[in-house]
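Single-structure report; data block below.
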Amino acid sequence: MPKYSYAYKVLKRNIGKALHRYNMISDGDRILVGLSGGKDSFTLMWMLKERLKRIPINYELFAVHIDPGFEEGFSEPLAEYWNKTGLKLKVEHTDYGILAHSSKNRENPCFLCSRLRRKRLFEIADELGCNKLALGHNKDDIIETLFLNICYAGEPLAFVDEDVIRRFVKEKGCPDFINPCPSAKVSKRQEIKGLLQQLYRSNRKVKGNIFRAMSHVKTDYLLK
């Protein structure tokens, strides 16, 4: 891969923009990065590691994967991959996914599993003395989450489009881990993603308009 590919340059520019706008990283930070095994968290970790080589700010990175407990999980090969890069991955084995899909759960399985995993990440961050938690949420994720909250009442990649991340991980040879969760392809997020893709195809300006609108909320127009 060329050192400065199109995807890398777009990621570098937009991640830098998000980090500066929201003052996300300071000198001496200890940052826990949640690695799911997907393309977003792979890109986030790779870029945060690479960034250390070219900026005057020093920070430490700690990688954590929350294994939800499904059979045919990929925590071992995921740990092996990152360990080869010199980054020790901490794997936390849980039964969150099993519990979320059990008869004991009356909530949406994805909602409960996500809430439990995030809660545990915050706990581990505290245990490791990390003062910040980094999650791989891209522009598409943020828009989808907005619509999920609207329809179902329920970050550093915030300015990056999903297709750029998909292109980048292909260039870097990111391993393709299959999500064993039974709700992976039938979740509410997938429904919202399909709906938004129809909107995007109808007008290429829709995604940008929605994303910009989230930063220009007119409170006078909100219901109280």
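The values are calculated or read from the model by the stated rules, or taken from the named source; none is laboratory data. Small disclaimer: the values here were computed from a predicted structure and weren't measured. Glycine gets a Cβ as well: all are built from the backbone with ideal geometry, and neighbour counts include every protein chain shown.
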(request) Keeping to the range 123-138, report how many residues are more than 15 Å from the chain's Cα centre (by Cα), surrounded by 13 or more Cβ atoms within 10 Å (Cβ to Cβ) and either at positive phi or not aliphatic (A, V, I, L, M) (or both). (result) 2
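So which of K88, K172, K104, K119 ends up being among the basic types (K, R) and surrounded by 14 or more Cβ atoms within 10 Å (Cβ to Cβ)?
It is K172.
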(request) Return the only residue of G73, G28 being closer than 18 Å to C113 by Cβ and not in a helix (DSSP H, G or I). (result) G73
(message) Anything in the range 163-188 that is touching a Leu at 6+ places or on another chain (Cβ under 9 Å) and closer than 23 Å to E72 by Cα? List them, or say none.
(response) P175, F177
(request) Tell me, yes or no, whether the range 205-216 has at least one residue that is modelled with pLDDT of 85 or more and not in a helix (DSSP H, G or I). (result) yes
(message) Please go through (1) of a type outside the set (D, E); (2) touching a strand residue (DSSP E or B) at 6+ places or on another chain (Cβ under 7 Å); (3) assigned to a helix (DSSP H, G or I) for I98 and return the number of the only condition it doesn't satisfy.
(response) (2)
